[in-house]
Amino acid sequence: MEQSPASDRIELAVVLRFVDIATDALAEAREEIDTLNVYPVPDGDTGTNMYLTVSAAREAVRTAAEQGADRERALSAFARGALLGARGNSGVILSEMLGAIARRIARSTPEERNAQVMSEALHEATEASYRAVGQPVEGTMLTVARAASDAARDRARHDDVRARDVFTSAAAAAREALARTPEQLEALRHAGVVDAGGRGLSVILDAAETVLTGRRPSPVTSPRRPVTAPARASGTASPDSLEPHDLAPDGPSYEVMYLLDADDDHVDRLRVRLAALGDSLVVVGGEGLWNVHVHVDDVGAAIEAGIEAGRPHRVRVTHFAEQLAARRAAEPGQPGQAGQAGQAGPSGRRVVVVSAGAGLTRLFEDAGAVVVSGGPGRRPSTGELLDAIVASGAREVVVLPNDPDSVRAARIAAGTAETDLGLRVVVIPTQAQVQGLAALAVHEPGRSFDLDVLEMTATARHARHGAVTVAAKNALTMAGWCEPGDVLGVIEGDFAVIGADQHDVATTVLQRLVAGGGELVTIVAGEGARDLADRAAAWTEEHHPTVEVVVYDGGQDRYPLLLSVE
């Protein structure tokens with residue numbers, strides 16, 4: 001049952017409202033937080049990294065909830081989503097904090113006071129964040145977290161206190177601690193700013209307070225203070241005036257991040273190895289999956305350390321000076337903007353596509369697209385889509401999410417790429433794999449970007465799509481009740497046919513799609529369903545001889561057939 005904004009019980013509905021409000025709040029504050037980013041490296045992406053981390057957690061918990069997961073399994077998905085989607089130093093720390101909070105809520109019992117549960121959750125999150133960092137530094141988001149959790153524990157000692165009161169105290173303490181961070185960290189005092197990670201954490205705690213009370217707390221009145229004359233005299237520049245050579249001149253040059261599959265008992269040795277190679281070390285995770293972040297000069301050694309501990313994957317390496325130069329080049333009127341003589345930059349046009357199967361991936365790649373793996377139950381995060389956009393090396397990018405629930409993540413990634421990197425990115429909201437195939441078939445890099453997007457969008461919209469799948473549980477659909485094992489026919493995203501035989505359901509769906517007219521039927525066979533696809537193609541050719549039929553091996557699971565009519 002839906003709860004009021006002032007509800008005290010920390011149930012899944014409350015968590016879902018929190019992730020929505022927190023994501024929107026970070027989206028609004030992202031650019032502000034990015035400009036505050038001067039420590040540990042002034043690379044101007046703390047707000048973006050925290051936003052992408054929470055966005056990934058949001059997508060994971062919402063997907064779990066849509067699939068019928070209970071609170072405990074949904075919270076586990078939330079923690080894992082944050083871990084997998086974490087980016088940057090601040091994002092990795094934040095993922096560990098969110099995971100600790102989720103785990104404490106998940107193991108709570110009805111007999112426990114919610115105020116006590118949440119105060120302990122914030123305390124465990126703070127302890128986890130300090131353990132995750134190789135060399136904790138005060139005046140950062142760690143300090144803000146400690147102040148918030150201490151205030152929460154003090155407030156929770158009273159028997160008449162509720163969870164909303166705990167978060168009100170925690171959020172207020174975080175804002176006060178944030179305002180004091182320039183007094184604790186020289187880099188912040190010289191730049192005249194509060195800590196960026198601390199500001200992001202304060203935004204998140206404010207969101208939690210809003211969910212539980214309905215109130216919107218007043219933000220820190222002056223998150224960015226004027227730079228004083230002594231600060232300028234000392235040679236420390238403000239973030240807005242930094243040049244590539246100003247970027248951590250005495251520190252490591254590269255940020256290295258990777259996910260690591262490794263036994264838990266190998267991680268302590270990994271931390272020792274990486275600590276000797278650089279700084280800003282954060283290793284978080286557990287139960288065989290870890291997220292590793294470190295700043296180093298020797299990239300190879302950092303990755304080799306991961307190989308010795310387990311299996312690194314999704315490796316990301318950022319050169320700080322190049323990152324700042326790229327950001328400045330994306331600003332209108334800035335020296336070094338892409339296109340200037342001697343300055344290499346993104347160029348041309350590419351298409352980024354979400355693929356639900358190995359065969360579909362080959363089709364998309366053969367057409368020149370950059371492919372991101374996805375599909376039901378493994379939808380790509382905003383960070384993965386953003387990485388693909390950047391990796392395309394193009395200045396103009398078209399994104400085909402091919403799934404209604406991936407459209408939001410694609411739009412967030414597109415907006416981030418446009419704002420931060422100056423790229424031109426358009427998301428065509430394709431709802432199905434076959435719509436992506438149709439759009440990609442008319443893609444033409446040689447024509448204007450607007451015309452190309454228009455043609456691809458029109459083609460995708462005119463491709464009526466359907467599918468055949470098998471019910472996994474009892475459910476009420478538009479076609480009536482279904483039971484596990486029933487064959488379901490999907491038309492334009494809705495379950496419209498229920499039957500016992502896959503071929504009969506497939507031909508019923510095809511008949512309804514073709515009834516609206518069309519010249520081309522596309523049939524994509526799922527894993528092990530080529531015979532079914534060939535039979536459906538033969539039926540179409542027999543009953544609609546004027547319609548052309550093409551069959552592809554898509555390799556997707558859960559859907560034996562994907563169908564479209566153009």
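DSSP beta bridges confined to the chain are antiparallel in about 70 percent of cases. Shown are E112, E66, whose ranking by accessible area with a 1.4 Å probe and every protein chain present, most to least, is E66, E112. Largest first, the residues H293, H158 sort by 1.4 Å accessible area into H158, H293.
What's the whole-number percent of alpha carbon pairs in segment 76-227 lying beyond 23 angstrom? Everything past 23 Å amounts to 34 percent. Remark: accessible surface ordering of W290, W539 (largest first) is W539, W290, probe radius 1.4 Å. Separation of segment 460-513 and segment 259-318, taken as the distance between their Cα centroids, equals 46 angstrom. The alpha carbons of segment 1-150 give a radius of gyration and a Dmax of 15.3, 47 Å, in that order. Computed over the alpha-carbon atoms, segment 103-159 gives an Rg to Rh ratio of 1.04, Rh here being the Kirkwood radius from the mean inverse distance.
Helix-only estimate, please: 222 nm mean residue ellipticity of the chain, summing -39500 (n - 2.57) across DSSP H runs of length 4 or more and dividing by its residues, to the nearest 500. Write down the numbers at each step before the final one.
Numbers: 20 runs with 282 residues, N = 566.
Calculated mean residue ellipticity at 222 nm is -16000 deg cm²/dmol.
The protection proxy used here, the mean number of other Cβ atoms lying within 10 Å of each residue, ranks peptides 494-506, 554-566 as follows, highest first: 554-566, 494-506.
The chain: percent of C-alpha pairs farther apart than 47 Å? Write out the running numbers ahead of the final one.
Details: 29688 of 159895 pairs.
Result: 19 percent of Cα pairs exceed 47 Å.
For the chain, a crude dipole built from +1 on the beta carbon of Lys and Arg and -1 on the beta carbon of Asp and Glu, taken about the Cα centre, is about 1080 debye to the nearest 20.
Computed over all pairs of different Cα atoms, the Kirkwood value for the hydrodynamic radius of segment 348-483 is 15.4 Å. So for segment 510-566, what percent of the C-alpha to C-alpha distances run longer than 12 Å? The calculated P(r) of segment 510-566 puts 59 percent of pairs beyond 12 Å.
Mind checking Rg over Rh on segment 464-566, alpha carbons, Kirkwood formula for Rh? Please list the in-between numbers first.
Values: Rg = 12.7 Å, Rh = 13.4 Å.
A ratio of 0.95.
Rg over Rh for segment 53-97 works out to 1.02, using Cα positions for both radii and the Kirkwood form for Rh.
Where in the chain are the DSSP H helices whose alpha-carbon span along the long axis reaches 24 Å or more and whose Kyte-Doolittle mean is at least 0.0?
Details: long enough: 12-36 (34 Å, 0.69); 46-66 (30 Å, -0.08); 88-106 (27 Å, 0.73); 114-132 (26 Å, -0.52); 163-184 (31 Å, -0.28); 196-213 (26 Å, 0.82).
Those that pass (Cα extent of 24 Å or more, hydropathy at least 0.0) are 12-36, 88-106, 196-213.
In the assembled protein chains, H266 presents an accessible area of approximately 60 Å² (probe radius 1.4 Å). From the alpha carbon centroid of segment 549-566 to that of segment 17-52 is 40 Å.
Here the dipole of segment 66-196 is about 220 debye; that uses its Cα centre as origin and unit charges on the Cβ of Lys and Arg (positive) and Asp and Glu (negative).
The values are calculated or read from the model by the stated rules, or taken from the named source; none is laboratory data. Please read all numbers here as calculations on a predicted model, not as lab measurements. As a convention, Cβ positions derive from the backbone with ideal geometry for all residues, glycine included, and neighbour counts pool all protein chains shown. Surface accessibility is based on the protein's heavy atoms, side chains included, excluding ligands, DNA and RNA. Shrake-Rupley method; radii C 1.70, N 1.55, O 1.52, S 1.80 Å.
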